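K.L.:
The following block contains the structure, expressed as C-alpha cells.
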Amino acid sequence: MIRTHHIYVLIAALIALAPWFFPESLITIVNYAGLFGLVSIGLVLLTGIGGMTSFGQAAFVGVGAYTSAYLCTVSHWSPWMTLWIGVGIAVFIALILGSLTLKLAGHYLPLSTIAWGLSLYYLAGNLQFLGGHSGISAVPSIEFFGIPIDSGRSFTYFVWFCVGVALWLSSNLLSSREGRAIRCLKGGRTMAAAMGVNVPLVKLKVFVLASVLASISGWMYVHFQRFVNPTPFGLNYSIEYLFMTVLGGAGFLPGAILGSGIITALRELLVEYLPALVGQSGNYETIVLAILIIFILHRAPDGLWPRLMKLFKIQESSSFTVESVKVNSPLEKKSSKHFKGESLLVLEHVSKRFGGLLAVNDVSFKVKAGEILGLIGPNGAGKSTTFNMLSGVNPASTGQVTFLGQDITNLESYQVAAMGMSRTFQHVQLLPHLSVIENVAIGAYLRCDAGYIKSMLHLERDQESQIITESMRLLKRVGLDKHANTLAGNLSLGDQRILEIARALCSDPVLLLLDEPAAGLRLKEKEDLAKLLDQLRQEGMGVLLVEHDMDFVMGLVDRIVVMEFGEKIAEGVPSEIQSNPVVLEAYLGSAEA
Ligand code: ADP
Ligand code: MG
C-alpha cells in the first residue's frame with residue numbers, strides 16, 4: 001500500500017537528482033515551486049484546514065524579502081540575522097491584523113488582508129529608501145554552513161530542504177493536540193470551545209504561523225533573486241497563492257507542493273509558448289491559467305491531491321493510532337472530587353431573549369454531584385437554549401449561573417469547560433474525516449499542555465500515547481472500541497452520539513450535559529447508555545440530561561425539571577412528575593394527542 005510518506009520520499013529523491021539531470025530552466029521552475037510551496041503550506045493550515053481566507057500572503061512574503069534586502073544592503077547585516085527580523089515583523093503585523101479581525105465572524109479577515117496586501121505593495125513602491133518601483137539590487141546570497149547558496153543548483157537543495165522541514169513540522173503539528181484544535185476551526189468551533197479550546201486564540205496562532213512561512217519564503221526569494229521590487233507582492237500574487245493551494249488540495253499538506261508545482265510549471269509553459277500560439281505577446285497566460293484552474297476545480301472540487309490519493313490508493317500516514325502507543329501511564333485526573341449531594345450548578349432566574357422571543361424565562365434549578373437531573377419539555381420549550389447558557393455558548397440575558405461556587409454567567413465556553421463542565425450536542429458535532437479515536441482525543445485538550453513548538457518537533461509523544469490510552473479506555477467504556485480507527489463520519493447516528501459522550505468524558509468532567517443522547521439509539525443501546533450514566537452517577541458525577549424518551553428518563557433520573565414555552569412548570573422526582581396534572585396537560589398530554 002502506498003502511504004503519503006512514500007510520496008514524500010519519492011519527491012525528495014527526484015529533487016536530489018534534479019540538479020544533476022535537469023536543464024537550468026527546469027531547475028528554476030523547481031526552485032520557484034519550492035518557494036511558492038512554502039507559502040502554500042501556510043495556506044493549507046490557514047485556509048484548507050483552518051477555514052480562514054487570507055489575501056495578504058504575498059505581502060507577508062514581501063515583508064521577509066524587503067526586510068532582508070534593506071538590512072543586508074544598507075546596514076550590511078548577515079542574512080541569517082535579517083531572517084529573524086523579517087519573521088518578527090511578519091509576526092507583529094499578523095498579530096495586529098489577527099487580533100483586530102479574528103474574534104469577529106464573517107469577512108473581516110479577507111477584507112483586512114486585502115487592505116494589508118494593497119498597502120504593502122504601494123508603500124514599497126513609494127518609499128524611496130526601499131528603492132521605489134525600481135527596488136533594491138545587489139542583495140548578497142546566503143551561506144549555509146559555509147556553502148554559498150549562489151547557484152540555481154545549490155538553491156534547489158536549500159529551498160527544498162526548507163520545504164521538507166516545513167512539511168515535517170506542519171504534519172507533526174496537525175497530528176497533535178493543537179492540530180486537532182486547528183482541525184476543529186472549520187465546522188466545529190462551538191464543539192471545540194466546549195472542549196476547552198480558546199478558538200480565537202487558535203485562529204490567531206495559525207494566522208501567525210502562515211505569515212511566518214510566507215516571510216521565510218520571501219527571505220529565500222530575495223537572496224535567490226539578489227534583487228527585489230514590489231511586483232511579486234501584490235494582490236494578484238496573493239490570489240495566485242490561494243489558487244495553488246486550492247488546486248493542489250487545500251485540506252492536505254502534499255496539496256501545497258502539488259499546487260505550487262503545477263501552477264509554476266504551467267505559467268512557465270504558457271509564458272514560453274502562448275505568444276507563438278496567440279500570435280502576439282501580452283499577459284494572456286494569466287487568463288489561460290485562470291480558465292484552466294476553473295476547469296480543473298470543476299472536475300475536482302477538493303483539489304487534485306485527494307483525487308490522486310483515490311486513484312493510486314494512497315493512505316495518509318497518521319501517527320495517531322491505537323497501535324502506536326508506547327507508554328501506558330494514565331493521563332492525570334483533572335477534576336476534583338465532589339461529595340454526593342453537593343450543589344455543582346445553580347441557575348437563578350435565568351432568562352434568554354432572542355430579539356422579540358423570550359426563549360427561556362426566569363428559570364431556576366440546581367444540579368448536584370452524584371445525581372442525574374432530567375430536563376424535559378416539548379420541542380421549542382427552551383431546553384437546548386438553557387444548555388447553551390450554562391455552557392457559555394450564548395450568555396444569559398438576565399439571571400445568574402453559578403458553577404462550583406463561581407459565577408459563570410458571562411464566561412466563555414472554553415473557560416466553563418476548563419472548570420470541569422462538558423457537554424454533547426443535540427445536533428452531533430464531530431470531525432467526520434478524523435478517526436473515532438482522534439475525535440475522542442479532542443476531549444483531552446485541557447488535560448495536557450503540549451504547545452506548538454513541542455508538537456511541531458514531536459516532543460510530546462509520551463503525552464500523545466497517554467491521550468490515546470485514555471481515549472481508548474473511554475471508547476471501551478461506551479462500547480465503541482472496535483470502531484476506534486473508523487472515520488467518525490462513517491458511524492451510525494446513534495454511535496456518533498455515543499462518541500460525543502466518550503469525547504465529553506475524555507475531558508474528565510465534574511458535570512456532564514447531555515442533549516438528547518438517546519435519540520436514534522436502539523433499545524439495547526439505550527439500556528447500555530442508561531447503565532453507563534448510572535455508573536457515572538455512582539462515581540459522583542453530576543449529569544444534566546435533556547431527553548424525549550420518557551421510558552428512558554423516568555427509569556433513570558433522580559429528579560426532573562419540566563419546561564414549557566421557556567418557563568419551568570414543574571420540578572420533582574419522576575413519580576411526582578408523572579402524576580402532576582400541569583405536566584400531563586402540557587407535555588405528556590400533548591405527546592399522547
Ligand atoms: P428545545 O431544545 O427545548 O426544543 P430550543 O432551546 O432549541 O428548544 O428553542 C427554544 C426557542 O428558542 C425556539 O422557539 C427556538 O426557535 C428559539 N431559538 C433557539 N435558538 C435560537 C437562536 N440562536 N436565535 C433565535 N431563536 C432561537
Ligand atoms: Mg433542543
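The values are calculated or read from the model by the stated rules, or taken from the named source; none is laboratory data. Keep in mind that this is a model prediction, so the values were computed, not measured. Cβ: placed from backbone, ideal geometry, glycine included. Neighbour counts: every protein chain shown. Side chains included, ligands, DNA and RNA excluded: accessible areas come from the protein's heavy atoms. Shrake-Rupley method; radii C 1.70, N 1.55, O 1.52, S 1.80 Å.
K.L.:
Mind pulling the angle between the C-alpha long axis of helix 152-174 and the longest principal axis of the chain? Nearest 10 degrees, somewhere in 0 to 90.
P.N.:
0
K.L.:
Now for a separate question. In degrees from 0 to 90, rounded to the nearest 10, what is the angle of the helix 284-299 Cα long axis to the longest principal axis of the chain?
P.N.:
The helix 284-299 is inclined about 30 degrees to the chain.
K.L.:
Let me ask another. Report the gain in length on full extension from N410 to E527: 0.36 nm times residue separation, minus Cα-Cα distance, nm rounded to one decimal.
P.N.:
Values: separation 117, 0.36 × 117 = 42.12 nm, distance 3.68 nm.
Once the chain is fully extended between N410 and E527, it gains 38.4 nm.
K.L.:
Also, I was wondering about something else. What ³J(HN,Hα) values, in whole Hz, does the Karplus curve 6.51 cos²θ - 1.76 cosθ + 1.60 give for region 397-414 when θ = phi - 60°, with x put for Gly and Pro?
P.N.:
3J(HN,Hα) across region 397-414, in whole Hz: 6, 9, x, 9, 10, 10, 10, 6, x, 10, 5, 10, 3, 10, 6, 7, 3, 5.
K.L.:
For region 260-320, which trypsin sites (Lys or Arg not before Pro) are both in a DSSP coil and crowded by at most 14 other Cβ atoms within 10 Å? Spell out each step's value before the answer.
P.N.:
Values: sites: R267, R299, R307, K310, K313; in loops: K313.
Qualifying residues, ordered by number: K313.
K.L.:
Let me ask another. With the calculation restricted to Cα positions, what are the radius of gyration and Dmax of region 114-190 in angstrom?
P.N.:
Expressed in Å, the Cα Rg and Dmax of region 114-190 come to 19.6, 52.
K.L.:
Could you check how much of the accessible area of the chain is carbon and sulfur, as a whole percent, using a 1.4 Å probe? Provide the component values of the computation, followed by the final result.
P.N.:
Values: 15980 of 25860 Å².
After summing per-atom areas, the C and S share lands at 62 percent.
K.L.:
How large is Rg over Rh for the chain, taking Rg from the Cα atoms and Rh as the Kirkwood inverse mean of 1/r across Cα pairs? Could you put the intermediate results ahead of the total?
P.N.:
Numbers: Rg = 28.1 Å, Rh = 26.5 Å.
Result: Rg/Rh = 1.06.
K.L.:
Using a 1.4 Å probe and ignoring any ligands, DNA or RNA, find the accessible area of D449 and quote it in Å² to the nearest 10.
P.N.:
110
K.L.:
Let me ask something else about it. Tell me the net charge near S397. Cut-off is 14 Å between Cβ atoms, S397 excluded, with +1 for each Lys or Arg and -1 for each Asp or Glu. Walk me through the intermediate numbers first.
P.N.:
On the way: positive: K352, R353; negative: E348, D362.
So the surrounding residues net to 0.
K.L.:
G255: net charge of surrounding residues, Cβ under 11 Å, Lys/Arg +1, Asp/Glu -1, itself excluded?
P.N.:
Details: positive: R307; negative: D302.
Neighbour charge sum, excluding G255 itself: 0.
K.L.:
How big is the accessible area of L446 in square angstrom, nearest 10, if you roll a 1.4 angstrom probe over the protein chains?
P.N.:
50
K.L.:
Continuing with this model, one more query. Would you mind telling me the antiparallel percentage of the DSSP bridges in the chain, rounded to 5?
P.N.:
Working: 26 of 44 bridges.
Percentage antiparallel, nearest 5: 60.
K.L.:
Let me ask something additional. Keeping every protein chain in place, order S422, S137 by accessible area at 1.4 Å, biggest value first, i.e. largest first. Present the calculation step by step, with values, prior to reporting the outcome.
P.N.:
Details: S422 0, S137 75 Å².
These residues rank, largest area first, as S137, S422.
K.L.:
Okay, next question. Output the peptides 251-263, 530-542 sorted from most to least packed, where packing is the average of other Cβ atoms within 10 Å over each peptide's residues.
P.N.:
Working: 251-263: 25.8, 530-542: 17.2.
Averaged packing, sorted descending, gives the order 251-263, 530-542.
K.L.:
Show me, for region 131-146, the HN-Hα J-couplings you get by feeding each phi into the Karplus relation (A = 6.51, B = -1.76, C = 1.60, θ = phi - 60°), rounded to Hz, glycine and proline as x.
P.N.:
x, x, 6, 7, x, 10, 10, 6, 6, x, 8, 8, 10, 10, 6, x
K.L.:
Using the Cβ atoms and a cut-off under 15 Å, what net charge is assigned to the surroundings of L266, where Lys and Arg are +1 and Asp and Glu are -1? Can you show the working numbers first?
P.N.:
Values: positive: R267; negative: E240, E268, E272, E285.
Net charge around L266: -3.
K.L.:
To continue, here is another question. Using only Cα atoms, find the angle between the long axis of helix 24-43 and the longest principal axis of the chain, and express it within 0 to 90 degrees, rounded to the nearest 10.
P.N.:
With rounding to tens, the tilt is 20 degrees.
K.L.:
Calculate, in nm to one decimal, what K337 and V74 gain on full extension: separation in residues at 0.36 nm each, minus their alpha carbon distance. Kindly include the intermediate steps, with their values, before the conclusion.
P.N.:
Values: separation 263, 0.36 × 263 = 94.68 nm, distance 6.39 nm.
Residue separation times 0.36 nm, minus the Cα-Cα distance, leaves 88.3 nm.
K.L.:
Taking amide hydrogens as modeled 1.01 Å from N in the peptide plane, which residues meet the under 5 Å criterion relative to F227, leaving out close sequence neighbours?
P.N.:
V139
K.L.:
From largest accessible area down, sort S329, S579; use a 1.4 Å probe on the protein chains. Walk me through the intermediate numbers first.
P.N.:
Numbers: S329 55, S579 80 Å².
Largest accessible area first, the list is S579, S329.
K.L.:
So how far apart, in nm, are the two label points at L111 and R353 if each is 7 Å from Cα heading toward Cβ?
P.N.:
Between L111 and R353, the simple spin-label model gives 2.8 nm.
K.L.:
Can you give me the relative contact order of the chain as a percent, contacts being Cα pairs under 8 Å and 6 or more apart?
P.N.:
On the way: 1091 pairs, mean separation 101.9, N = 593.
For the chain, the relative contact order is 17 percent.
K.L.:
Hey, can you grab everything whose amide H is under 5 Å from the amide H of R559? Only 5+ residues off in sequence or another chain; H modelled, so Pro and N-termini drop out.
P.N.:
Sorted by chain and number, the residues that satisfy this are I372, G374.
K.L.:
Would you pull out the residues with amide H under 5 Å of K352's amide H, same chain only if 5 or more places away, H placed 1.01 Å from N?
P.N.:
Amide H neighbours of K352: A359, V360, N361, D362, S397.
K.L.:
Quickly estimate the mean residue ellipticity at 222 nm for the chain, helices only: each DSSP H run with n ≥ 4 gives -39500 (n - 2.57), and the total goes over all residues, rounded to 500. Walk me through the numbers on the way to the answer.
P.N.:
On the way: 23 runs with 313 residues, N = 593.
Taking each H run of at least 4 residues, the total per residue is -17000 deg cm²/dmol.
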